[in-house]
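These notes are about the structure you will find just below.
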Amino acid sequence: MRRTHLFSLVALATASGVVIAAGDPMASEATLPPDPLLPPTASPARDVETPPEPEPEPPAAGILQIRAAEVYLGDGNRIEDGVVVIENGRIRNVGRGVEIDSSQPVLEHDGVLTAGMVACHSWAGTRGENHDSTRSMLPEARIAYTFHPEHSDFANAVKAGITSIVLAPTGQNLAGGKTCVVKTAGGEVVKKEAHLALSFSGEALRQAVQQFFFFFNAETAVDDGLENTGGPQNGGRYPTSYSGSVAALDAAMADPQGAFAAAANGTLPVLLEAWDRHEVARAAAFAKKHGLRGAVRGAPLAGEVAGVLKDAGLGAIVGPFAVGHARRSLDGLADLSEAGVPFAFSLGASGTDPSQVRMSAAMAVGAGVDPVAAWKALSSDGARLAGVEDRVGRLERGMDADLVLWSGDPMNLATRVKAVFIGGELVHGGMQ
Amino acid sequence: MLGVALAASGLVLAPLSFNNPGFAEGESLLIRAERVIVRPGVELENQSILVQDGVIVAIGEGLAPPDGAREINGAVVCAGFVDPWSALGLDAGAARDSSASAATRSADGVDRWSHAHHLEDALRAGVTSLRVQGGGGAVISGYGSMMRVDPSLGGDDALLLDAANMGATIGLPRGGRTRDIFDRVSEVDRLIGQIESGRKYRESAVEYKYELEEWQKEIEEKEKELEKDFKKAKKDREKDKEKAEEKGKEFKEKKYKEDKKPRKPKYDEDSEAMARVADGEVPLVVQSHRYEELRSLLEKTESYDRLRVLVAGGTEALLHADELQARGVPVIVWPNPMGPARGDEYDGHELSLAASLDEAGVEVLIGSGGSDTSRELRFLAALAVSHGLDPDAALNAITLGAANAFDVGDRIGSVERGKDADLLVLDGDPLDTTARIRFVVSQGRVVVEH
């Protein structure tokens, strides 16, 4: 079920009490045009979706108009009684008092309409193939290759109102490779190379060394009584210390090649995995030293080192915060917000309930974060930190028609997702 | 004194809260609100609530504040939240204890001093009371207790109801391992065995009481008879004695059957506790998740018509919704959005469970899963709403429903005259997580102000 034709909207309208004013639903089949932002070579994930025969030219534009009681633009502004016009999977127009074409369908929504949410980091849907325990440096690895669009993680994310996700490697490789940004329905890879992922996470690096060690040397090492000595018994993966790891990254940046070069010249942002505050500080110093832009990710106490991040010009990708997470993390988000450090939320590991993403933001609001800032973290700031702000995260002419129809304010956790559109197509809600 | 004061002011009041440590004695509070949520689904507009000595003494329009009363104005007032499934305030060892038995009191495992900051967080988040259950590692977990959250109350002063329920866990991983189906279902048999021995214990206690009365009656009759025939009996005895001496035999006193006093059944605290369960004096909360264990539990408890069962967790309870509804078994749901690191018992975990059960007519309560995260109770209820639960049902699940299920509904859970003044003053709807909680009132004392 890749494409949902507009006649599904009739079903949606009937089921959720919204009214379609006009238009022949059968005549308005929408098909995505070829994506101008993607290079002509299709990614493997796209190959999965694309039938072998070439697709016919898109038919005449299908237009859908949605009028909502309130529209959040994603840039912090809200408009009452707003209209969003969708054409060919893109937003053609948005605003108050936008002229409605009565020959085309109109969806009336008595609630809030927003852009789809962006989860700015995730290990979703990658079936564990997002790290390599044998080598520490994999700067050219593309996580996009592991993207499996039919994985249940993505369908679940859609239901929670998340329409774009950054897929990232784990922090077990010093250079884990290049992240990508995908849509949660339809299988589209929005950006094949979104960040270079580097790890400053001592814990993750340690785990990787240990895994490798157990995998290859467990038996002989135990026989030799060397199981806990590390060093050469790690099976050959280097570096084995934290300072050695930082030195290795510094060395890679001294004469940057490939992805490192792209990071050095600013064309590829970095995603720096860092958890403890000293790791955040280390990552920020590294970014500053080598003139990198991007964000740290993990960093539950990022707020307590907000000044360091601000100084290095980095953003922070945090969470998701589970029920019972330390209050300090949430309080810290208010500090990030005040310091002007952009932040966004992670969806975390595969199998995580995507409700955690909006709950993290709602709990942050409960802890004193400005609701507008919290919503931006889930939409426009998330898109910016993902490097796809020209495509998603805001409702603006030319942006992808990734929309969520909510029963009310999405920052109120009790608010329900009524319908989700990706690329102008209904992918959740109504009779879907 | 309280009664006198109220009688003087001409207000009718249920005889409550006389033994409430921590109530705001001698203090009065007048709260004016645009909306008063009396109980879920029942609202009043522009009302004042008068609180004296920790108790709501009047609700009405334009009540005048008594001299010296503190006045608070707010948008919405509702009852303080009640978490029906928590371990907040319990010592971690007591919460997980695998050696608990029926007579174990959760209240004995409470360490409010080291958990004061967590209690404070929960109170700020509007949770004024909760049920703590220890013994989570044991099939029979012992008595759970209803406690007030207010951290200024030490130890037993915080107890609302000591023996609020009997706890049990069925089919949970033990020692970090998931048990197989036979082990899991056999735990139902162990539970039923304990209920049955409780029932028999009470039966034998009743029998003993009856037999003792009978025996005493017989003794009395015999004594009268002996008194009446005292002389004859004395002669007979002397005659018998002489005879015995003549024959050189030892004289034996005549034995009467009345000499055999009925034996008192040996006191057993666990059986005594389970007797209270079998008799429905205290409800039985069974944490159980899978279809099989729940089926076995429902089958085997059916013949105990006084037993009051609640299910906690109930991951697959929806498959038994009809029976749960028909038998009036409430389910305490934990609408926690989980990550992949979760117990096997939560494999089929759905945030829509509360909504689905409620739609099927099963009474739903919402708790924090026996953890110390009661402070997120409001977010959990909001999540259940965002996944389809009716907002009134969700509010009921963390206020009056929870209070009623554990027999403290006459004291807390709603905003009514005569009840303890456990109140929240909010900017908006209690389950709208963007609405701030401005004041938390516990037993008439303003314990949180924002």
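Taken together, the values in this text are just the output of simple stated rules run on the coordinates, not laboratory data. This one's a predicted model, so the numbers in the text were calculated from it and none came from an experiment. No Cβ is skipped: glycine too gets one built from the backbone with ideal geometry, and neighbour counts run over all protein chains shown.
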Practice item. Any chance you could get the radius of gyration and Dmax over the Cα atoms of region A:119-386, in Å? Key: 18.2, 60
Revision key, fill the gap. Dipole check, region B:223-376, charges on Cβ (K,R +1; D,E -1), about Cα centroid: among B:348, B:331, B:303 the Cα furthest to the positive pole belongs to B:303
Study note, to complete from the structure: Phi angles of region B:300-316, converted by Karplus (6.51 cos²θ - 1.76 cosθ + 1.60, θ = phi - 60°) into ³J(HN,Hα) in whole Hz with x for Gly and Pro, give 7, 9, 4, 6, 8, 6, 9, 4, 10, 9, 10, 9, 10, x, x, 3, 10
Point to revise | FRET efficiency estimate (nearest 0.05) - Cβ-Cβ, residue A:277 to residue B:305, R0 45 angstrom | key: 0.15
Exercise for review: Express in whole angstrom the spacing between the alpha-carbon centres of region A:86-136 and region A:364-423.
Suggested key: 9 Å
Review point. In nm, to one decimal, how far is the modelled label at residue B:225 from the one at residue B:70, with both set 7 Å along Cα→Cβ?
Key: 7.4 nm
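Using Cβ contacts closer than 10 Å as the measure, can you line up B:82, B:42, A:189 from fewest to most?
B:42, A:189, B:82
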**Study point:** Unit charges at the beta carbon, dipole of region B:201-259: most positive-side option, B:201, B:219, B:248
**Key:** B:248
Practice item. Compute the separation of the alpha-carbon centres of region B:322-368 and region B:147-223 and state it in Å as a whole number. Key: 26 Å
Review point. What is the average number of partner chain Cβ atoms found within 10 Å of a Cβ in B:338-345?
Key: 4
Exercise for review: Compare the Cα positions of B:396, B:176, A:259 along the charge dipole of the protein assembly as shown (+1 at Cβ of Lys, Arg; -1 at Cβ of Asp, Glu; about the Cα centre) and return the one farthest towards the positive end.
Suggested key: B:176
Practice item. Considering only DSSP beta bridges where both residues belong to the protein assembly as shown, give the percentage that are antiparallel (nearest 5). Key: 60 percent
Practice item. Determine the alpha carbon to alpha carbon distance for each of A:178/A:288; B:241/B:264; B:200/B:224 and list only those over 27 Å. Key: B:241/B:264; B:200/B:224
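Using the beta-carbon distance between residue A:248 and residue A:129 and R0 = 30 Å, what value does 1/(1 + (r/R0)^6) give for FRET efficiency, to the nearest 0.05?
The value I calculate is 0.80.
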Review point. Based on the mean of other beta carbon atoms within 10 Å per residue, what is the order of B:160-172, B:343-355, most packed first?
Key: B:160-172, B:343-355
Point to revise | Rg/Rg_ref, the protein assembly as shown, where Rg_ref = 2.2 N^0.38 Å and atoms are Cα | key: 1.17
Review point. Once the principal axes of the Cα atoms of chain B are found, what is the range along each, listed largest first in whole angstroms?
Key: 103, 64, 41
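What area, in nm² and to one decimal, does the C-alpha convex hull of region B:201-259 cast on average over all directions?
Orientation-averaged projected area of the Cα hull: 5.2 nm².
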Check your understanding: Packing-wise, with mean Cβ within 10 Å as the measure, how do B:296-306, B:317-327, B:204-214, A:356-366 rank, highest first?
Key -> A:356-366, B:317-327, B:296-306, B:204-214
Practice item. Starting with the fewest neighbours, write out B:378, A:96, A:394, B:174 ranked by other beta-carbon atoms found within 10 Å of each beta-carbon. Key: A:96, B:174, A:394, B:378
Review point. Once every DSSP H run of n ≥ 4 in the protein assembly as shown is given -39500 (n - 2.57) and the sum is divided by its residues, what mean residue ellipticity at 222 nm do you get, rounded to the nearest 500 deg cm²/dmol?
Key: -9500 deg cm²/dmol
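Which of the residue pairs A:192/A:418; B:222/B:249; B:209/B:260 have a Cα-Cα distance greater than 20 Å in the structure shown?
As for pairs spanning more than 20 Å Cα to Cα, those are A:192/A:418; B:222/B:249.
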Practice item. Using R₀ = 30 Å, calculate the FRET efficiency as 1/(1 + (r/R₀)^6) where r is the Cβ-Cβ separation of residue B:99 and residue B:196; round to 0.05. Key: 0.85
Check your understanding: Simple spin-label model, 7 Å along Cα-to-Cβ: residue A:339 to residue B:436 in nm?
Key -> 2.4 nm
Practice item. Find out how many positive minus negative residues lie around residue B:448, taking Lys and Arg as positive, Asp and Glu as negative, among other residues whose Cβ is under 13 Å from that of residue B:448. Key: 0
Exercise for review: Could you list A:108, A:70, B:269 in order of exposure, starting from the residue whose Cβ has the fewest other Cβ atoms within 10 Å?
Suggested key: B:269, A:108, A:70
Revision key, fill the gap. Taking 0.36 nm per residue of separation between residue A:397 and residue A:241 and subtracting their Cα-Cα distance, the length gained on full extension comes to 51.2 nm
Practice item. Determine the dipole magnitude for chain B: charges of +1 sit on the beta-carbon of Lys and Arg, -1 on that of Asp and Glu, nothing else is charged, the reference point is the Cα centre, and the result goes in debye to the nearest 20. Key: 1800 debye
Study note, to complete from the structure: Per-residue average of other protein chain Cβ atoms inside 10 Å, peptide B:426-432 -> 2
Review point. Counting other Cβ atoms within 10 Å of each Cβ, which trypsin sites (Lys or Arg not before Pro) in region A:115-173 have at most 16 and sit in a DSSP loop?
Key: A:127, A:135
